[in-house]
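Written below as structure tokens is the structure these notes are about.
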Amino acid sequence: MSLIESQDTLLGIEPFIEPAHRIYPKKIDGQFRRIKWSIQFLTLGIYYLLPFVRWDRGLNAPSQAVLVDLPHRRFYFFFIEIWPQEFYYATGLLILAALVLFLMNAVAGRIWCGYMCPQTVWTDFFMTTERWIEGDSRERLNLDTAPWSFEKARKKIAKHFIWFLIAWWTGGAWVLYFADAPTLVHSLATLQAGSSEAYLWILILTFTTYVFAGVMREKLCLHACPWPRIQAALTDEYALNVTYRYDRGEPRMSLKQASALRAQNLNAGDCVDCGQCVAVCPTGVDIRKGSQLGCIQCGLCIDACDAIMAKIHRPTRLIGYDTDLNVKHRQCGIPETFKLFRPRTIIYLALILAISGFMTLNLATRGDAHVSILHDRNPLAVRLKDGGARNGYTARLSNMKNTPRKFTLEVTGAPNLHIEVIGAEKKIDGKILIEIGPDQTRETRILLAMPPESEHKGQAPITFSLTDRDSNQTIDVQDSFIWP
């Protein structure tokens, strides 16, 4: 300890930054530990195996169920295909994710942090590996404080090697979402990957996973993650949190002292000050001090406390999911209350249903072709030598099918329009024919001209109609014809 820290301690001043100390969480079994195992196996299984799931989309289409195809600017999710102009779906998903996170916080605090956050999941995975190699908390503490020996070096090297393998496969699995997984695995294993980008990103993701889950651990939650600060402003007195029920636990004392007081019909708390709730906490929080930013609401302290209560034949759930409001109500003899449906949860739920319903309806009713028309801005219109006028447009036509398609173009809304499409192949029934290849976007120029006898003031609304020759599906886009 430095001289300044020693003086602050003597004066009763807490340091601005808490001194770093390594946490050695103890192994525990119980209901919430089993829930964490289940969610961990499920989430890691999905993350590692999903790139290898196949989905038949037909000829000339990728067969990977979930794929971010950056070269062709596509995102595939099973039967859904998202094009660049449909990126608003990604925006909608981000908004939904935020609202779901807010709803989870309003109902049960930081359950995302405790069970589903990637940092929590991988840190738990790394700590389980560490416990398997080096032993439980006391053995790990003794190993770290012991002088270096062959046994210590063997365990440390084995631990970090397995950590590196987990981090490497984690980084590699993320890259597999951006290319055909079996093909990329084979090319990486044989060192035949055509680009060094795959190796670079695997290296970056391997390093970050190793550092975040193996080295930083709870420090990332305590000092880098903004969510603990944000959720503190979003919660209210009705949100369930992992809570020490001090109305039952206090005054805390040893089991022997508590038994003696109860024998005299005197008040004694159920907490025997065993410290097991702190020993199992992955962030080193003492839940008996109340809600803290370091508590990720994982529930392991509940399992530890329940085990002790069962041994001393006292009721379980001295620590449990509860509210401070209920603790105060019990102290005052007021019935407990829990309001699941209250203004904030109803608003969150309504927004989630509205946005997800709108996106689902939009996905279900969207077509397999897209047309956008952009009117020339400079100049808006051109006066022709014969006194007529001409407007120019840029049309972007997208074919979302895996087969080539032919569209006929027709422009209506203004009299005596002359249509010219740069690069159009031919005409059918007086309509211009435009061909688009499978899963492609074609950009073309459209020139519209009016003779002088059609002159009028202002602008005329017009409609571009493209009709699929096979399905007769028609797409209409509104624009205008402007006279100079």
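The table that follows gives values for the structure above.
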{"read-out": "Under 16 Å from Lys427, Cα to Cα: lysines that are on another chain or at least 8 residues apart", "value": "Lys406"}
{"read-out": "Cross-link reach list, aspartates and glutamates versus Lys36, counting only Cα pairs under 15 Å and skipping chain neighbours closer than eight places", "value": "Asp124, Asp303"}
{"read-out": "Fully extended contour minus Cα-Cα distance, from Asp376 to Phe87, at 0.36 nm per residue", "value": "101.6 nm"}
{"read-out": "Partnerless cysteines, meaning none of the other Cys C-beta atoms lie under 4.7 Å away, in the chain", "value": "Cys113, Cys117, Cys221, Cys225, Cys271, Cys274, Cys281, Cys295, Cys298, Cys305, Cys332"}
{"read-out": "Trypsin sites (Lys or Arg not before Pro) restricted to DSSP loop in segment 377-440 with at most 14 other C-beta within 10 Å", "value": "Arg377, Lys385"}
{"read-out": "Exceeding the 25 Å Cα-Cα cut-off - candidates Lys219/Lys328; Lys27/Lys155; Lys26/Lys152", "value": "Lys219/Lys328"}
{"read-out": "Cα-projected label distance for Thr337 with Ala108, points at 7 Å along beta-carbon direction, nm", "value": "2.3"}
{"read-out": "Packing-based order for 323-330, 119-126, using average beta carbon neighbours within 10 Å, highest first", "value": "119-126, 323-330"}
{"read-out": "Residue order, fewest to most beta carbons within 10 Å, for Val280, Val107", "value": "Val107, Val280"}
{"read-out": "Inter-label distance for Ser471 and Thr208, nm, one decimal - labels placed 7 Å from Cα along Cα-to-Cβ", "value": "3.8"}
{"read-out": "Cβ-placed point charges (K, R +1; D, E -1), dipole of segment 369-482 about Cα centre in debye, nearest 20", "value": "200"}
{"read-out": "Stretch gain in nm, segment His160-Asn142, where the contour uses 0.36 nm per residue and the Cα spacing is subtracted", "value": "4.7 nm"}
{"read-out": "Sequence-distant residues sharing a close amide H with Asp69 (under 5 Å, placed H)", "value": "Arg74, Phe75, Tyr76"}
{"read-out": "Given charges at Cβ of Lys, Arg, Asp, Glu: the chain dipole, positive-most of Phe125, Ile302, Thr183", "value": "Ile302"}
{"read-out": "Segment 241-331 - Rg over Rh from alpha carbon coordinates, Kirkwood radius", "value": "0.97"}
{"read-out": "Sites Asn402 and Asp247, calculated FRET efficiency, Cβ-Cβ separation with R0 60 Å, nearest 0.05", "value": "0.35"}
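A short reminder: the numbers here are calculations on the coordinates, not readings from a lab. Remember, predicted model here, so these are calculated numbers, not experimental data. Here Cβ is always computed from backbone atoms with ideal geometry, including for glycine, and neighbour counts include all displayed protein chains.
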